[in-house]
Amino acid sequence: MTVRINPSILSADFVNLQSEVERLSSADLVHVDVMDNHFVPNLTFGPRMVEGLQSVSPVPLDVHLMISDADRWAPGYAELGAFSVTFHAEAAANPRATARALRERGARAGLAVKPGTPIEPYLDLVPEFDQFLVMTVEPGFGGQSFMPETMPKLRVLRDAVSRFGGDVWLQVDGGITVETIGVAADAGADTFVAGSSVFGADSVERAIDDLRAAAGAHRHDG
């Protein structure tokens, strides 16, 4: 199993965002949290900011849409050149059609679920997606504590991906540190969003390396 570390710029210094992103050359992707102050109680970036980040990032963008009416807005982020675009199941009327629209525009399609949202209704959509994101905190704000009670959901997804086959990544987002990343890796995650544990470290590169090593030591290969 390949381990991917995607630092979240939600924890970066917004005043110096370009230089912050340029520090992430050893990461796999840059995680960009788009919030609309409606689906979640916070407001962050929009299409113009994502387009600007796309032009300066040393690695591809992993866009996470925490916005309402994802069916309408998600394809536009793929058109900006984002490597992957993940939208929330709770904000989509037709996730299958939206996933196909993202893929048609050249992006990997991702589906996210909040901690309290059951994954079972979406298991038949596994072949339609390239990534599933299990939120390990409530979406909307950085710096929250990891919720281990979300791990059974991740295990169910890992089993479903094993049955269906295909290159489907399982991502976790929220409270990921060197202490918690092994729990998520053991449950089946292979792609990890980390914010304050990367940007709050003395060395961003060393923090990414430490997270990668900690996940690799606990990775789920079943």
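Just add up the charged neighbours of GLN54: K/R +1, D/E -1, any other residue whose Cβ is under 12 Å from the Cβ of GLN54.
Charge balance in the 12 Å sphere: -2.
Solvent exposure of LEU29, expressed as accessible area, is near 10 Å², computed with a probe of 1.4 Å over the protein chains only. Against the criterion of solvent-accessible heavy-atom surface with a 1.4 angstrom probe, TYR122, TYR77 sort, most first, into TYR122, TYR77. Evaluated at q = 0.14, 0.17 Å⁻¹, the base-10 log of the normalised Debye intensity for the range 86-191, with identical point scatterers placed on the Cα atoms, takes the values -0.50, -0.74.
Give me D for the range 35-126 in µm² s⁻¹, whole number, from Stokes-Einstein with Rh from the Kirkwood sum over alpha-carbon pairs, 37 °C and 0.692 mPa s. Can you show the working numbers first?
Numbers: Rh = 13.4 Å.
It diffuses with D of about 245 µm²/s by this estimate.
Between PRO118, PRO139, PRO75, the residue with the greatest mean-square fluctuation in the GNM of the chain (Cα pairs under 10 Å linked by springs) is PRO118.
Excluding ligands, DNA and RNA, what is the solvent-accessible area per residue of the chain at a probe of 1.4 Å, expressed in Å²?
Values: 9180 Å² over 222 residues.
Heavy-atom accessible area per residue stands at 41 Å².
A Förster radius of 22 Å combined with the Cβ-Cβ distance from VAL178 to ASN37 puts the calculated FRET efficiency at roughly 0.10.
Once the Cβ-Cβ distance of GLU104 and SER162 is raised to the sixth power relative to R0 = 35 Å, the FRET efficiency obtained is 0.85.
Extension gain, LEU123 to THR2, is 41.3 nm, computed as 0.36 nm per intervening residue step minus the present C-alpha separation. Maximal additional length on extending the ASN16-GLU90 stretch stands at 23.4 nm, based on 0.36 nm per residue less the C-alpha distance. Just checking the listed ones, GLY165, GLY142, GLY182: in the Gaussian network model of the chain with Cα springs under 10 Å, the one fluctuating most is GLY165.
How big is D, in µm² s⁻¹, for the chain by Stokes-Einstein at 10 °C and 1.306 mPa s if Rh is the Kirkwood radius over C-alpha pairs? Before the final figure, lay out the partial values.
Values: Rh = 17.0 Å.
Reported coefficient: 93 µm²/s.
If we count every other residue with Cβ under 11 angstrom of VAL193's Cβ, Lys/Arg +1 and Asp/Glu -1, where does the sum land? Neighbourhood net charge equals -3. The heavy atoms of GLU22 offer some 90 square angstrom of accessible surface to a 1.4 angstrom probe.
Solvent-accessible surface (1.4 Å probe) assigned to ARG206 amounts to roughly 140 Å².
Please give me the summed charge of the neighbours of VAL137: other residues whose Cβ is under 13 Å from its Cβ, Lys and Arg +1, Asp and Glu -1. List each step's numbers first, then the result.
Numbers: positive: LYS114; negative: ASP33, GLU138, GLU149, ASP173.
After counting each charged neighbour, the total is -3.
Can you compute the modelled spin-label distance between ARG48 and SER25, with each label point 7 Å from Cα toward Cβ, in nm? It works out to 3.0 nm between the two label points. Less than 5 angstrom separates the built amide H of ARG4 from those of THR191, PHE192, all sequence-distant by 5 or more or on a different chain. What the phi angles of the range 58-71 give under the Karplus curve with 6.51, -1.76 and 1.60, with θ = phi - 60°, is a coupling list of x, 9, x, 9, 10, 8, 10, 8, 9, 9, 6, 6, 4, 4 Hz, glycine and proline written as x.
If you stretched the chain out fully between ALA217 and ASP186, how much longer would it get, using 0.36 nm times the residue separation minus the C-alpha to C-alpha distance? Walk me through the numbers on the way to the answer.
On the way: separation 31, 0.36 × 31 = 11.16 nm, distance 0.91 nm.
Roughly 10.3 nm would be gained on extension.
With every protein chain in place and a 1.4 angstrom probe, the accessible-area ranking of LEU43, LEU17, largest first, reads LEU43, LEU17.
Under a 10 Å cutoff between Cα atoms, tell me which one of THR86, THR180, THR44 has the largest fluctuation in the Gaussian network model of the chain. Among THR86, THR180, THR44, the largest GNM mean-square fluctuation belongs to THR44.
The values are calculated or read from the model by the stated rules, or taken from the named source; none is laboratory data. In this text, all values refer to a predicted model and were calculated from it rather than measured experimentally. Because the Cβ atoms are built from the backbone with ideal geometry, glycine has one as well, and the counts that use them run over all protein chains shown. Surface areas here come from the heavy atoms of the whole protein model, side chains and all, with no ligands, DNA or RNA. Shrake-Rupley method; radii C 1.70, N 1.55, O 1.52, S 1.80 Å.
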